[in-house]
Amino acid sequence: MVPFRKMHGLGNDFVVLDARAQPLPVTPARAAAIADRRRGIGCDQFILLEPGTDGADVFMRIRNPDGSEAGACGNATRCIASLVAGDSGADRVVVRTISGDLPAERLGDLWRVDMGPARLGWQDIPLARAMDTLHLPLEDAAACSMGNPHATLFVPDLDAVPVETLGPRLEHDPLFPDRANIGFVQVLNPEHIRLTVWERGAGLTLACGSGACAALVNAARRGLTGRAATVTLPGGDLHIEWRADGHVLMTGPVATAFTGTIDLDGLPQ
Ligand SMILES: N[C@H](CCC[C@H](N)C(=O)O)C(=O)O
């Protein structure tokens, strides 16, 4: 039996397994089985902690409920920073992902993460061919990478958007060879936007940290907001700042819902 921790950031929820002390046999199929909300524990992302090396306190591997691997997860980064800090009492933690190192810092009850630079080139996202990433020939979306692919659509009324039909259609559009996370944004004012995200490999979530970063960056590139704003998601608020050096800072809460144990050997290979 292996202990797990169920955490969430604004209702974007995670099952966390800790393989820092010894490796755990978690295949993509097993991660998907754990993420299943009826047959498993249930989560938007499955997180495996591996040992940190040279400058990183921990390595965070991220899987979606469909078993696919993700290069970034903002809400999980805050949760994992607080979990790792809980061991040592540290106020600063470096979380390494397959997309790079993410320094995180405690700010009272909240955690702020340097999510790295927003990448704006069409190859960075990636898109299928060379084009202006600020105006895609697909619903006039804007795209950028936060270590994972994001497209942002600007809409006048978020409540009128059929996210559950449009989301999966755009996620799988041939314009996105690696698929994409699809964010729907309503700009309330230059310091405040609303966002709902249809996540690649996960579907509709209550919050998406990297999606909030991408939404603010794309809104600022369009001149719809300044370089810092509150992003209101269905699960609550994040504060996002696109720093002058291109790095994006995300600030928000962390929570543990419960802990338990799971029999990995009982899961499909
Ligand atoms: N919930 C995460 C993003 C998961 C992204 C994943 N769905 C992908 O395939 O890139 C966040 O807070 O940033």
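The values are calculated or read from the model by the stated rules, or taken from the named source; none is laboratory data. Note that this is a predicted model, so its numbers are computed, not measured. Note that each Cβ is placed from the backbone with ideal geometry, even for glycine, and that neighbours are counted across all protein chains shown. These accessible areas exclude ligands, DNA and RNA; they are computed on the full protein's heavy atoms, side chains included. Shrake-Rupley method; radii C 1.70, N 1.55, O 1.52, S 1.80 Å.
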- Task: Compare Gly108, Gly167, Gly55 in a GNM of the chain, Cα atoms joined below 10 Å, and give the one with the largest fluctuation.
- Result: Gly108
- Task: Ignoring everything but the protein chains, give the 1.4 Å probe accessible area of Val163 in square angstrom, nearest 10.
- Result: 20
- If one builds a Gaussian network model of the chain from Cα atoms under 10 Å apart, the most fluctuating residue listed among Thr230, Thr165, Thr27 is Thr165
- Message: Sort 148-156, 186-194 by the packing proxy (mean of other Cβ within 10 Å over each peptide's residues), most packed first.
- Response: 148-156, 186-194
- Note on the structure: Full extension between Asp157 and His135 adds, at 0.36 nm per residue less the Cα distance, a length in nm of 5.9 nm
- Using packing as a proxy for protection, rank 41-52, 14-25, 213-224 so that the peptide with the highest average count of other Cβ atoms within 10 Å comes first. 213-224, 41-52, 14-25
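To the nearest 0.05, how large is the calculated FRET efficiency for Gln269 and Ala244 if R₀ is 51 Å and r is the Cβ-Cβ distance?
0.55
Classify the chain as rounded, prolate or oblate from the Cα gyration tensor: take a ≥ b ≥ c as the square roots of its eigenvalues, call it rounded if a/c is under 1.5, otherwise prolate when a/b beats b/c and oblate if not.
Working: a/c = 1.73, a/b = 1.39, b/c = 1.24.
Prolate is the answer for the chain, as a/c is 1.5 or above and a/b outweighs b/c.
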- Please give, to one decimal in nm, the separation of the simple spin-label points placed at Ala257 and Leu188, each 7 Å out from Cα toward the Cβ. 2.5
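In debye to the nearest 20, how big a dipole does the chain give about its Cα centre with +1 on each Lys and Arg Cβ and -1 on each Asp and Glu Cβ? Please list the in-between numbers first.
Values: 24 positive and 32 negative charges, 24 e Å.
So the magnitude is around 120 debye.
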- Item | Prolate/oblate/rounded call for the range 24-144, Cα gyration tensor, a/c under 1.5 rounded | oblate
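Can you sort His8, His172, His135 by 1.4 Å-probe accessible area, starting with the largest?
On the way: His8 60, His172 110, His135 90 Å².
Descending order: His172, His135, His8.
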- Using alpha-carbon positions, what is the distance between the centroids of the range 212-269 and the range 84-106, in Å? 15
